[in-house]
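The values are calculated or read from the model by the stated rules, or taken from the named source; none is laboratory data. Values in this document were obtained by computation on a predicted structure and should not be read as measured data. With ideal geometry, Cβ positions are generated from the backbone for all residues, glycine too; neighbour counts draw on all protein chains shown. Heavy atoms of the whole protein, side chains included, go into the accessibility calculation; ligands, DNA and RNA do not. Shrake-Rupley method; radii C 1.70, N 1.55, O 1.52, S 1.80 Å.
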Amino acid sequence: MAFLSLYLSKPSTTEALWVSDCRIIHGCCIQMPAARIRFQHRSAGVRSKRHTGRLNVRAAGTETDKTKPNAPEVTPSDTRSSAVNQLLGMKGAGKETDKWKIRLQLTKPVTWAPLIWGVLCGAAASGNFHWTIEDVAKSITCMLMAGPFLTGYTQTINDWYDREIDAINEPYRPIPSGAISEPEVITQIWVLLLGGIGLAYTLDVWAGHSFPTIFCLSLGGALLSYIYSAPPLKLKQSGWIGNYALGSSYIALPWWASQALFGTLSWDVVVLTLLYSTAGLGIAIVNDFKSIEGDRAMGLQSLPVAFGIDTAKWICIGSIDLTQLSVAGYLFATGKLYYALTLLGLITPQIIFQASAQPFFVLGLLVTALATSH
């Protein structure tokens, strides 16, 4: 779920690309494809053909339209940045043979940041966090639970159930390329899940909870992650439900866990963070633009597939901006005038300067958290 830049590879001498527009949506540069996009990868061994009005992707040397989950020999980039992308789990990663680097790539460390920020917001919202060794150690443990373990579990299981889509969109990724075996992926899923749940129970004991609140939140989040990716429910098949589930897991769940760790989780905060998660829905839509063809081929109704690129773009922008305006209105109505004005001040540049929106959005989350603590 995540704050990711999306892009299409620059055409080389062996490929052709037609695009109709390039838009900046809340800090993410998205190249909008025209009605048809054609790629010819002669050296990579995978080529696309356009006929009968649709895109067919097939492995070179076959006579069927079935996509084989084998990566091309050449990854999208062969530069120093590709090594960094590989470690962070970003698009454009270089090919890697070291198993531990591949395991790290599957957890997508670039997606941990929102969860870590959510833990900070929850600690601030509790009003009970102090800069002591114990409180800092608690917060770091909570960040490890939310980021590397449970988000790592979420990303790994999502890649596992997306291996057929990735064979179309990103065939060089570890699972469809065969860089890591199926038993190794399953083992990683279980280690990360049990490790995250174990840390959650440890935090409950550490906080002296009579009811294991954080443990239950971690179980609920793990279940949500599973039904988001796995059949038969596979929430991501629905653009609305799937993206909201993704947004809430990135904003609400780490906030709740951290606030419960340092204080009391109240119902007004639960409702407020669920409302804020609608903005997370908009952020999740951004990630859908990079996989339109794969989602369409696999029957996933992401919002760009269901409504088209232009309509999905406005849904994305509207859900982010309108949600924050609603939260500012709530803060004003509850007597938090200065916090409401500060949030409005952070929303304004998001609307005007969309390419620089993300820092203002995350700061707005912290302002809201501080407001709820007073």
With respect to the numbered conditions (1) modelled with pLDDT under 95; (2) of a type in the set (Ser, Thr, Tyr); (3) surrounded by 24 or more Cβ atoms within 10 Å (Cβ to Cβ), which one is the sole condition not fulfilled by Thr156?
-> (1)
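So which residues in the range 185-203 are closer than 17 Å to Gln105 by Cα and hydroxyl-bearing (Ser, Thr, Tyr)? Before the answer, list the steps.
Kept after step one, since they are closer than 17 Å to Gln105 by Cα, are these residues of the range 185-203: 185-193.
If the condition is that a residue be closer than 17 Å to Gln105 by Cα and hydroxyl-bearing (Ser, Thr, Tyr), then Thr187 is the only one that fits.
Taking helices (runs of 4 or more DSSP H) that do not extend beyond the range 257-374, which have at least 2 residues that are acidic (Asp, Glu)?
Working: elements: 267-288, 292-298, 303-307, 309-333, 337-352, 357-372.
In the range 257-374, 267-288, 292-298, 309-333 are the helices (runs of 4 or more DSSP H) which contain 2 or more residues that are acidic (Asp, Glu).
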The condition from (1) within 22 Å of the chain's Cα centre (by Cα); (2) open to solvent by 50 Å² or more (accessible area, probe 1.4 Å) that Thr132 misses is numbered (1)
Sort out which residues of the range 209-241 are open to solvent by less than 60 Å² (accessible area, probe 1.4 Å) and among the small types (Gly, Ala, Ser), and write them in order of number.
-> Ser218, Gly220, Gly221, Ala222, Ser225, Ser229, Ala230, Ser238, Gly239
